[in-house]
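The values are calculated or read from the model by the stated rules, or taken from the named source; none is laboratory data. Treat the numbers as computed from the prediction; the structure is a model and nothing was measured. Cβ placement follows ideal geometry from the backbone for every residue including glycine, while neighbour counts extend to all protein chains displayed. Heavy atoms of the whole protein, side chains included, go into the accessibility calculation; ligands, DNA and RNA do not. Shrake-Rupley method; radii C 1.70, N 1.55, O 1.52, S 1.80 Å.
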Amino acid sequence: MAQRLVTLDKTFLHSFHEGEGIDVIIWRLAGFLAWHEQRDLWNMLQTAQQTGAQPPPLEVLFDYVLQMLRGQGYLLVLDDFH
């Protein structure tokens with residue numbers, strides 16, 4: 001049986017800090033995905049920030065991130081998740 005190996009460039013590492021909200025991880029994941037040629041979320045967040053518009057609710061953004069990650073072979077390492 002062949003195993004899939006995850007390379008370091010496909011690894012997302014995030015250490016949580018006290019008081020940090022889910023918005024921080026969504027922004028970081030958006031940047032990670034943009035680096036991997038999946039720029040839709042990054043563009044959406046940047047446009048909202050630059051125009052003063054409200055981005056979709058965090059729950060919707062999180063679901064969108066999960067859809068973008070699915071099947072891509074990424075490794076997510078979430079440290080200090082409390």
Within the stretch 17-70, which trypsin sites (Lys or Arg not before Pro) sit in a loop by DSSP and count at most 10 neighbouring Cβ atoms inside 10 Å? 70
Mean separation of Cα contacts under 8 Å (6+ apart) over length of the chain, as relative contact order %: 51 percent
Cβ-derived FRET efficiency at R0 30 Å, residue 78 paired with residue 48, nearest 0.05: 0.75
Quote the charge dipole size of the chain about the Cα centre in Debye, to the nearest 20; the model charges only the Cβ of Lys and Arg (+1) and of Asp and Glu (-1). 360 debye
Among (i) 55, 25, 15; (ii) 45, 26, 20; (iii) 50, 30, 19, only one was calculated for this model; which label is it, if the read-out is Cα extents along the principal axes in Å? (iii)
Accessible carbon and sulfur surface of the chain relative to its total accessible area, %, 1.4 Å: 55 percent
